[in-house]
Amino acid sequence: MGITLDEDRGSGTRHPILKRKVIGESFTGALVKAPEQRDVLKEDKPVLKPNGKPKQELVITLLALPGATMKAGIGDMVPAVPLPGEIVRVIVRGLSFSQWIDAKKAHGGKLHVGDMVTVTTTHGQAYDANGNPTGGKLETQAECDAVPRERSLGMYGDITLRSASTDEADWVAKAEAAYRNETAIVVADVDLDGF
């Protein structure tokens with residue numbers, strides 16, 4: 001029986017973030033710890049929905065499997081395709097968040113270390129300076145590359161969740177080792193001076 005995950009409160013560990021940039025790219029990784037739900041921030045302040053509540057995002061920590069074509073990076077790091085065994089994060093909002101909820105329900109609701117998550121990039125969407133969509137879905141990379149500089153471009157796709165196959169048992173074991181390391185980091189970050 002694998003390690004069952006409960007909702008995470010975050011460890012503060014900063015792993016590279018997967019970046020959707022090119023139509024057709026993909027990434028598959030083994031779930032390392034429970035996804036962390038948090039407020040979307042802009043300039044360290046929550047971004048609010050029209051009803052006044054903060055927008056939410058989900059941070060999913062994954063151990064990279066072979067075959068990835070999607071790049072990851074953070075800060076000044078030059079984005080690169082993660083090597084098998086590297087830990088990365090994917091941040092999901094909006095439609096991707098809904099896809100995650102649906103995938104989790106179809107999966108049976110319980111997550112386990114080593115469950116397999118696949119992220120793909122299938123299309124783009126151009127936005128004006130005010131963040132309003134302009135035009136329809138951009139379904140080819142050439143259409144995305146033609147978006148004028150004064151517009152922003154969002155890249156989107158699918159996120160799926162499944163149990164690991166028996167052929168992936170080694171990757172599950174590696175994800176479990178990473179899980180133990182991640183939870184050890186959380187314990188090490190606690191200030192025990194007052195106890």
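Some values worked out for this structure:
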quantity	calculated
Which numbered condition S98 misses (of (1) over 29 Å from N181 (Cβ atoms); (2) in a strand (DSSP E or B); (3) among the polar types (S, T, N, Q))	(2)
Among residues of the stretch 74-107, those that are on the phi > 0 side of the Ramachandran plot and modelled with pLDDT of 95 or more, counted	1
Residues located in the stretch 145-179, provided they are more than 21 Å from L65 (Cα to Cα) and in a helix (DSSP H, G or I)	D145
The stretch 132-146 residues that are buried (at least 16 other Cβ atoms within 10 Å of the Cβ), paired with ones that are in a helix (DSSP H, G or I) and of a type outside the set (F, W, Y) (beta carbon under 6 Å, 6 or more apart)	L138/C144
Selected residue (criterion: farthest from A34 (Cα to Cα)) from residues of the stretch 71-81 that are among the hydrophobic types (A, V, I, L, M, F, W, C) and surrounded by fewer than 17 Cβ atoms within 10 Å (Cβ to Cβ)	V78
Boolean, A129 is over 23 Å from D39 (Cβ atoms), without any contact (Cβ under 8 Å) to a residue 40 or more places away in the chain, in a loop (DSSP other than H, G, I, E, B) and among the aliphatic types (A, V, I, L, M)	yes
Residue in the stretch 4-23 that is at pLDDT 90 or above and loosely packed, with under 14 Cβ neighbours inside 10 Å present	no
Selection count, the stretch 108-123, where residues are at positive phi and either assigned to a strand (DSSP E or B) or at pLDDT 95 or above (or both)	1
Any chance L111 is under 19 Å from E168 (Cβ atoms) and touching a Lys or Arg at 6+ places or on another chain (Cβ under 9 Å)	yes
So A142, is it within 19 Å of V22 (Cα to Cα), out of contact with any Pro (no Cβ under 6 Å at 6 or more places or on another chain) and either in a strand (DSSP E or B) or at pLDDT 90 or above (or both)	yes
Search result, residues across the stretch 182-195 that are at pLDDT 50 or above and farther than 17 Å from I60 by Cβ	A184
Residues that are more than 13 Å from V92 (Cβ to Cβ) and hydrophobic (A, V, I, L, M, F, W, C), drawn from the stretch 32-64	V32, A34, L41, V47, L48, L63, A64
Long-range neighbours under 8 Å by Cβ, at least six apart or interchain, first residue more than 14 Å from I17 (Cα to Cα) within the stretch 85-102, second assigned to a helix (DSSP H, G or I)	G85/K174
Residue in the stretch 61-70 that is exposed (fewer than 13 other Cβ atoms within 10 Å of the Cβ), under 28 Å from A142 (Cβ atoms) and at pLDDT 90 or above present	yes
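The values are calculated or read from the model by the stated rules, or taken from the named source; none is laboratory data. Source: prediction; values computed, not measured. A quick note on method: Cβ atoms are made from the backbone with ideal geometry, for glycine too, and the neighbour counts reach across all protein chains shown.
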